[in-house]
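The values are calculated or read from the model by the stated rules, or taken from the named source; none is laboratory data. Please read all numbers here as calculations on a predicted model, not as lab measurements. A quick note on method: Cβ atoms are made from the backbone with ideal geometry, for glycine too, and the neighbour counts reach across all protein chains shown. Surface areas here come from the heavy atoms of the whole protein model, side chains and all, with no ligands, DNA or RNA. Shrake-Rupley method; radii C 1.70, N 1.55, O 1.52, S 1.80 Å.
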Amino acid sequence: MKNRILRSLAAAALSLSAAQAQGNPFATADDIRAAEGLYQFHCSFCHGRGDDGMAANLKNPRLPHAPSDGALFQIIRAGIPGTDMPLSIGLTDKETWQLVAYVRALGRSAPAPVRGSSSLGQALFWGKGICGTCHMVAGKGGRQGPDLSDIGARRAPSHLRQSLVDPEASIAAGFLLVEIVTRDGKKITGTRVNENTFSIQVRDFSDKIHSLRKSDLAQLNKQSAKSTMPSYRQQLSDQELDDLVAHLYSLRGGL
Amino acid sequence: MRQVIAILAAALPLAAQVIYEQIRNADQTPGNWLTFSGNYLGHRHSGLKLLNKSNAAAIKPVWVFQIDKTDKFEASPIVADGIMYISEPPSDVTALETKTGRPLWRYRRVLPEDLRVCCGKVNRGVAVLGDKVFLTTLDAHLVALDALTGNTVWDVEVAPYKTGHSMTVAPLALKDKIVVGIAGGEFGIRGFLDAYDAQTGKRVWRFWTIPGAGEPGVQTWKGESYKYGSAATWVTGSYDPELNLIYWGTGNPGPDWNGETRHGDNLYSDSVVALDADTGQLKWYFQFTPHDLHDWDATQVPVLVDLPFQGKPRKLMLFANRNAFYYVLDRSSGQYLLSKQYVRQTWAQTSLDPKGRPIRLPNTEPTENGVLVYPNSPGATNFYAPSYSPLTRLFYVNTRDEGGIFYSRREEYKEGNWFLAGRFISKPGEEARGAVKALEPTTGIVKWEFPLHSPSWSGVLSTAGGLVFAGAHEGDFFALDDTNGKLLWRFPTGGRIFANPISYLSEGKQQVAIAAGHAIFAFGLEGEK
């Protein structure tokens, strides 16, 4: 009886989201096949075949932003604010659910093979690679680059390896390098924290935040294609790169 | 008995009693803001000068009214005798006191769950005429509310919503009619503009923005594509009472990004149409973007001015179009007079042909693999309003500079479904720009510009105090000197701006109001005590 009441309460409370709460209503093999073209048209530009694009690795059973199918539905529709994931128009409810099913099927596909040793990679991360000077993992490390605590849940091994050898191939959102000269001759270089028409906030390499009015600036250069991260192409061997990728791929945060 | 009636009458609160002649002569009573653009001519200019260049630095918020909604807040308010009428997303209305910002009544509409809306559950404002407030709704109804209480007086269906129709437009009240446009350009509707009797809600006329079978212009559509060719009418137009002509912009042809199934110019999409206000008969049209492939709706506010053009007094229409060209037309005849590119574009030659037809550049059509074109689909400007100051004789417009990668694909029309046949994305990694620009109306030459960090969705208001108010996408609302674009004042509202500013008097004091984030901000010199 109690269960029945709970069920009816839940049914009354949910509408669109009846389907969201109870699972995807369009998740058959036919639905997944039907979504192939939708995926190609709407998603593949950034996500590639799932694990070889510049955006999130979808060959992942647990997507950090989409713990449920309903959440994934909403992300496909509305995007993820503050990231490059845009909202979509032109998808019906059914098509969106079919895409949800497609992405979940990608998540169930075989994980990308990792050749290296995660434990050796961990030693490289904190040792020879000095990655921890600029990147944080679980609260330890520097702040100059993106937090890597769950990078393995967000990016595929191929993307991680590319970022190590060619950091400027894909600059993470929120890490624009700026060079500023104020009217009184002060030079500031760092990561843009925020900006509008009237002011800009910059975090320099000593983690100091500078808040500057644009009217006080003599120069503001945005290095949109530049990264402060060095390439590890020459600094690490192929095997070491494999090990480091294996470690990064093992970082799943709380997931 | 007569005495009792007199006392009762004196005790009755004042309902809005806005008559047509008041709106027609709105410039004479700048203490009110009686119609969408402030006057019928689309000027969005306030004759008030209590706020001016000498005291702009002292402007501050007078009150803030928070709405309990999270959808984009696009309303342009109406103010009549100290009462502000705003629409709230999705299809609600609130009446507020301008003195205190306190609400007097609220209308809350229960909407179906299976709405078909393109770009947010939004509404751009109400109209007031007589003792009624008029609202369009996302389920494509037109509703008349009692201005004193918000009670529903009548409620009529304009179109069925399940076929992809919706309504977001602020109605235009003129004479005894309420003129409304339709949205649904991404769902393959057949567009129209309607006029309704303000008293009864009975439809007086309908102008189809796409000709029907056998009508002139239908040959500009391949096969039966005219039946679902869109050309929606979702932004409030202008009106010339002397010519008795309504001017209204029309939206993109459908499907948006693939023209294979609709070869031809696709009349009257992406056009401005001039209609007889009494009958809805087409007097003339001008098409800005024939056979559009980039979703450049011509749904901007036509600005009507009387100025000398090449030495001769003319009744002009100024039109800053989403396709990146600024146009001057003769509004009596529709004759094309001038155009000038006012924002970066890469899709057409910089000079149009002698009749004002753009000359398209090769390799700018959307493709399966994507093609980069400036501007992107949101265009060089959009639904938000420009302004014209009769004092400076300048045309002010908030502009957008952003490229898009356009993709096309094949898509069949299915009633009530999306009908896009493509998509666009912003150019990855590009920091797009914006700017408020002041154009000389009869040349299109940019006299000054105020650069913005990113493209804005805020309209512009000019005032007799010499101020130009506009908003930035990051939430700053600011005032510029109308002669040189110098920044005189700003306030960070903390919310994104997708709306048009207005100005009015409250107890003799000038206020400027704008919807920002999820609130209306009213600014002036003195706050609440």
Computed over chain A, protein heavy atoms only, probe 1.4 angstrom, the accessible area per residue in square angstrom equals 53
Projected onto the charge dipole of the protein assembly as shown (unit charges on the beta-carbon of Lys, Arg, Asp and Glu, signs +1, +1, -1, -1), the Cα from B:PHE319, B:TRP208, B:LEU282 with the largest positive-side position is that of B:PHE319
Long-range share for chain B, i.e. C-alpha pairs more than 33 Å apart as a percent of all pairs, stands at 35
Using Cα centres only, tell me the gap between the range B:317-380 and the range A:163-183 in whole Å.
36
Shape of the range B:239-351 from its Cα gyration tensor (a ≥ b ≥ c, root eigenvalues): rounded if a/c is under 1.5, otherwise prolate when a/b > b/c, or oblate?
oblate
With a sphere of radius 13 Å drawn around the Cβ of A:TRP126, what net charge do the other residues whose Cβ falls strictly inside it have (Lys, Arg +1; Asp, Glu -1)?
+1
Straight distance only, please: which lysines reach the Cα of B:LYS162 with their own Cα at less than 20 Å, same-chain residues fewer than 8 apart left out?
A:LYS94, B:LYS121, B:LYS227, B:LYS414
For the pairs B:LYS72/B:LYS99; B:LYS283/B:LYS355; A:LYS187/A:LYS214; B:LYS177/B:LYS509, note any where the Cα-Cα span goes beyond 23 Å.
B:LYS72/B:LYS99; B:LYS177/B:LYS509
Could you derive backbone 3J(HN,Hα) for the range A:171-182 from the dihedral phi with the Karplus parameters 6.51, -1.76 and 1.60 (θ = phi - 60°), listing whole Hz in sequence and x where the residue is Gly or Pro?
8, 5, 4, x, 10, 6, 7, 10, 10, 10, 10, 7
Buried by at least 50 Å² relative to the chain on its own: which residues of the range B:427-461 qualify, computing accessible area with a 1.4 Å probe on protein heavy atoms?
B:GLU431, B:HIS453
Note down the nm distance, to one decimal, between modelled labels 7 Å out along Cα→Cβ at B:ARG344 and at A:ASP93.
4.2
Counting only the heavy atoms of the protein chains, how much of B:VAL446 is accessible to a 1.4 Å probe, in Å² to the nearest 10?
60
The correct ranking of A:LYS128, A:LYS214, B:LYS132 by accessible area at 1.4 Å, largest first, is A:LYS128, A:LYS214, B:LYS132
For the protein assembly as shown, Rg(Cα) over 2.2 N^0.38 Å is 1.01
Ranking B:GLY466, B:SER456, B:ASN500 by how far each Cα lies towards the positive end of the charge dipole of the range B:384-529 (+1 on Lys and Arg Cβ, -1 on Asp and Glu Cβ), the top one is B:SER456
Which whole-number percentage describes the relative contact order of chain A, with Cα contacts under 8 Å and a sequence gap of 6 or more?
21
Sequence of B:SER456, A:SER118, A:SER215 when ordered by accessible area, the most exposed leading, probe 1.4 angstrom
A:SER215, A:SER118, B:SER456
Using the Cα centre of the range A:163-246 as the reference point, and only Cβ charges (+1 on K/R, -1 on D/E), how large is the resulting charge dipole? Debye, rounded to the nearest 20.
720
For A:SER68 and A:HIS210 in one chain, what is 0.36 nm times their gap in residues minus the Cα-Cα distance, to one decimal in nm?
47.2 nm
Put +1 on the Cβ of every Lys and Arg and -1 on every Asp and Glu Cβ in the protein assembly as shown; which of B:GLN22, B:ALA58, A:LEU124 then has its Cα farthest towards the positive end of the dipole?
A:LEU124
The simple spin-label model distance between A:LEU217 and A:SER231, using points 7 Å out along Cα→Cβ, in nm, is 2.9
If you place +1 on the Cβ of every Lys and Arg, -1 on the Cβ of every Asp and Glu, and leave all else neutral, what size is the dipole of the protein assembly as shown about its Cα centre, to the nearest 20 Debye?
1120
Using a 10 Å cut-off on Cβ to Cβ distances, tally the other chain neighbours for every residue of A:196-205 and report the average as a whole number.
4
Rg (one decimal) and Dmax (whole number) from the Cα set of the range B:341-500, in Å, equal 17.8, 54
Viscosity 0.890 mPa s, temperature 25 °C: what is the translational diffusion coefficient of the range B:52-202 from Stokes-Einstein with a Kirkwood Rh over Cα pairs, rounded to a whole number of µm²/s?
153
Rounded if a/c under 1.5, otherwise prolate or oblate - the range B:455-529, Cα gyration tensor axes
oblate
With N set to the number of residues, divide the alpha-carbon radius of gyration of chain A by 2.2 N^0.38 Å and report two decimals.
1.21
Give the aspartates and glutamates reachable from B:LYS202 as a straight Cα distance under 20 Å; neighbours fewer than 8 places away on the same chain don't count.
B:ASP131, B:ASP139, B:ASP146, B:ASP155, B:GLU157, B:ASP176, B:ASP194, B:ASP276, B:ASP278
Dipole magnitude of the range B:365-452, debye to nearest 20 (Cβ charges: Lys/Arg +1, Asp/Glu -1, about Cα centre):
220
Candidates A:THR197, A:THR92, A:THR228; GNM for chain A (alpha-carbon contacts under 10 Å) flags as most fluctuating A:THR197
So how exposed is A:ASP238, as accessible area in Å² (1.4 Å probe, rounded to 10)?
110
Sulfur and carbon atoms: percent of accessible area, chain B [1.4 Å]:
51
What shape does the range B:331-399 have by the C-alpha gyration tensor, where a ≥ b ≥ c are the square roots of the eigenvalues, rounded means a/c under 1.5, and otherwise prolate means a/b greater than b/c and oblate the rest?
oblate
A chain fully extended from A:MET136 to A:ARG33 at 0.36 nm per residue, minus the present Cα-Cα distance, gains in nm 33.1 nm
What is the sum of charges, Lys and Arg at +1 and Asp and Glu at -1, for the other residues whose Cβ falls under 13 Å from the Cβ of A:TYR249?
+2
With a cut-off of at most 13 other beta carbons within 10 Å, and DSSP calling the residue loop, which GluC sites (Glu not before Pro) in the range B:213-279 qualify? Please list them.
B:GLU224, B:GLU242
By how many degrees, 0 to 90 and rounded to 10, does the Cα axis of helix B:2-11 deviate from the longest principal axis of chain B?
60
Sequence of A:ASP242, A:ASP52 from largest to smallest accessible area, 1.4 Å probe
A:ASP52, A:ASP242
Scoring the range B:292-380 by relative contact order with C-alpha pairs under 8 Å, at least six apart, yields a percentage of 24
Quick check: net charge around B:SER87, other residues with Cβ under 13 Å of its Cβ, Lys/Arg +1 and Asp/Glu -1?
+3
On each of the three principal axes the extent of the alpha-carbon atoms of the range A:177-223, given in whole Å and largest first, is 23, 22, 19
Where no second cysteine Cβ lies under 4.7 Å, the cysteines concerned in the protein assembly as shown:
A:CYS43, A:CYS46, A:CYS131, A:CYS134
On full extension of the chain, what length is gained from B:ASP114 through B:ASP71, given 0.36 nm per residue of separation minus the C-alpha to C-alpha distance?
13.8 nm
Which whole-number percent is the relative contact order of chain B (Cα, under 8 Å, 6+ apart)?
15
